[in-house]
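> Below is the structure I would like to discuss, written out as structure tokens.
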Amino acid sequence: MAGRSCLRKFFVLPLLLLIFLSFYLLYYERSSQALINEWIQDYVKLHHREKPAHMLTYPAFKHPLAPPYPYPYKFLINQPDKCKNRKPFLVLMVLVESHDLESRQTIRETWGNDSLYDVDVVTVFLVGLPQFAPVLIQVLLEEESLVYGDIIQQDFMDTYYNLTLKTLMGIEWVTKFCSNTSYIMKIDNDMFLNVDYVVHKILDPEVPLRENFFTGDIRFNTPPFRDRTVKWYVPKEIYPNDTYPPYCTGPGYVFSIDVAKKIYDVAQTIRVIPMEDVFMGICLYELHIKITIPEPWTFNTNKFFYDACGFRLFATVHHFSNYELRSIWKDFVDKKSQC
Ligand SMILES: *[C@@H]1O[C@H](CO)[C@@H](O)[C@H](O)[C@H]1NC(C)=O
Ligand SMILES: *[C@@H]1O[C@H](CO)[C@@H](O)[C@H](O)[C@H]1NC(C)=O
Ligand SMILES: *[C@@H]1O[C@H](CO)[C@@H](O)[C@H](O)[C@H]1NC(C)=O
Ligand SMILES: *[C@@H]1O[C@H](CO)[C@@H](O)[C@H](O)[C@H]1NC(C)=O
């Protein structure tokens, strides 16, 4: 008897597995086929586009890796009065994940402390919809926004491949709610930022407001990564050309307010790609705006050992953790006059 039931088990389990597998494969194939059909239809629609962009059915181009845009995202958390009756010189748009309160707090206590500077600086944090524990994180974000009044959020998923949406949200915010600013800097949360250098050495409040100004760590002729295992993978359907136009790498770049308005407008009419920094380069290419080449060693993508006087000569240094930033900042501010 024991032998027979063993035998039955021996047959039944693989049989169940087989049935499950065939259903799974059937379902998978169906759904991926439907997805592919949908992309093809969108692709065709995009290429036979006659309607002006503002009359398109949203979004213009669909692909799992293409950020859905243009799309009428809503501001869930906004600071509409932050720039009211003032004329900021520089807006710092800090890209940070919605759950990363620690980073925001570190930045508020270091380079993001607006009251440290001799010109009007406005720091805002850009977030999307939290991916993890969304209900809880949303409650915390709203609380944090009430306390600090520096959070801006739209209703797109806060993921790496959606970073372009985040930068575009910042640009939309600046053009709609802070258009009195002279310049804008997009900056990541893992950076050392020397605001005084950016204000006085790069921008200079004594010089009349520049137009068509965009600068940062510039890259020429970079090819897209076509290997799907790489973080920066961009498929041909999303970006067909073999090289990107010149662009400034994402961790930190600076531009004038007129450029923000122009980028926002042109972004409504072209295909958005997931690399936010490259996408800014594509917009500049479409707008025929030339990137200003900075002095060497201004925007540093490599990490350096901290040195109070050395760091005074940089605008940005990449790869600073919250802990490192907090531990060097006091020294950096204290030794200001000693170099
Ligand atoms: C922008 O600045 C001008 C002049 O400085 C001022 O009159 C105007 O109220 C400001 N706009 C906003 C939205 O604060
Ligand atoms: C910002 O700097 C001012 C002036 O040094 C200081 O009083 C304030 O506590 C700082 N704010 C934060 C959040 O550290
Ligand atoms: C980007 O955000 C949109 C809107 O929330 C979402 O539908 C999409 O899945 C996100 N894309 C990625 C790659 O995370
Ligand atoms: C991509 O290549 C086409 C054909 O050579 C060219 O017309 C277009 O301007 C290029 N786009 C970019 C963003 O380089």
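All of the numbers you see were taken from the coordinates with simple rules; none came from a lab. Remember, it's a predicted structure, so these values are computed and weren't measured experimentally. Don't worry about glycine lacking a Cβ; one is built from the backbone with ideal geometry, like all the others, and counts go over all protein chains shown.
> What is the ratio of the Cα radius of gyration of region 77-179 to 2.2 N^0.38 Å, where N is its residue count, to two decimals?
1.03
> Over 16 Å apart: what share of the alpha carbon pairs of region 188-295 falls there, rounded to a whole percent?
Beyond 16 Å sits 62 percent of the P(r) for region 188-295.
> Still on this structure, please answer the following. Take every DSSP beta bridge with both residues inside the chain and express the antiparallel ones as a percent of the total, to the nearest 5.
45 percent
> What span do the alpha-carbon atoms of region 273-327 cover on each of the three principal axes, reported in whole Å from largest to smallest?
Principal-axis extents of region 273-327 (Cα, largest first): 42, 26, 14 Å.
> Additional query: Would you calculate the volume per residue, in Å³, of the smallest convex hull containing every Cα atom of region 235-339?
Taking the convex hull of the Cα positions in region 235-339, it is 145 Å³ per residue.
> More than 37 angstrom separation, counting every C-alpha pair in the chain; what % is that?
Taking all Cα-Cα pairs of the chain, the fraction more than 37 Å apart is 26 percent.
> Now, a different point. Most fluctuating residue of I137, I19, I238 in a GNM of the chain with Cα springs under 10 Å: which is it?
Largest GNM mean-square fluctuation: I19.
> For region 236-255 and region 318-335, write down the distance between their C-alpha centroids in whole Å.
Using only Cα atoms, the two centres lie 30 Å from each other.
> Moving on. Would you work out which of G149, H288, S337 lies farthest towards the positive end of the dipole of the chain? Charges go on Cβ: Lys and Arg +1, Asp and Glu -1.
Farthest towards the positive end: H288.
> Which value, in debye to the nearest 20, gives the size of the charge dipole of the chain about its Cα centre, when Lys and Arg are +1 and Asp and Glu are -1 at the Cβ?
1120 debye
> Under the rule of -39500 (n - 2.57) per DSSP H run of 4 or more residues, summed and divided by the residues of the chain, what mean residue ellipticity at 222 nm is obtained, to the nearest 500 deg cm²/dmol?
-12000 deg cm²/dmol
> Averaging sequence separations of C-alpha pairs under 8 Å and six or more residues apart, then dividing by the length of region 75-338, give the relative contact order as a whole percent. Walk me through the numbers before you get to the answer.
Working: 466 pairs, mean separation 57.4, N = 264.
Computed value for region 75-338: 22 percent relative contact order.
> Here is a further query. About the Cα centre, and with charges only on the beta carbon of Lys, Arg (+1) and Asp, Glu (-1), how big is the dipole of region 218-339? Nearest 20 debye, please.
Value, rounded to 20: 140 debye.
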